[in-house]
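One structure is given below, encoded as structure tokens.
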Amino acid sequence: MKDSNQNKKNQISRRGFLPLLGGGLLLPVLGFSKSKQDDSDENEEYQTLLRPDGTAVRVKKSVLENSKVIEKNISNKSLLGWLKNK
């Protein structure tokens, strides 16, 4: 009799198994992922510029503010000639 009572206590019934299964399936939903700390890159403003071949490029505004102006009021022909020489 004592052996049969111990076997019943060690066995898991359907009522005991279903909460374990449900808890195991719920763990991925709780969210053990990293928090977003790279929001500064997403919030930074971009400006769209055109390349000589006509393709668009997104550039950060901070890069444009730190850039050096070589020559002001340059015409399109001289600019294209200057870009082709490099």
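Taken together, the values in this text are just the output of simple stated rules run on the coordinates, not laboratory data. Values in this document were obtained by computation on a predicted structure and should not be read as measured data. Neighbour counts run over all protein chains shown; Cβ positions are idealised from the backbone, glycine included.
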note = Counting Lys and Arg as +1 and Asp and Glu as -1 over every other residue whose Cβ sits under 9 Å from the Cβ of Gln47, the net charge comes to +2
query = Taking one equal scatterer on every alpha-carbon of the range 47-86, how large is log10 of I(q)/I(0) by Debye at q = 0.26, 0.32 1/Å?
reply = -1.12, -1.08
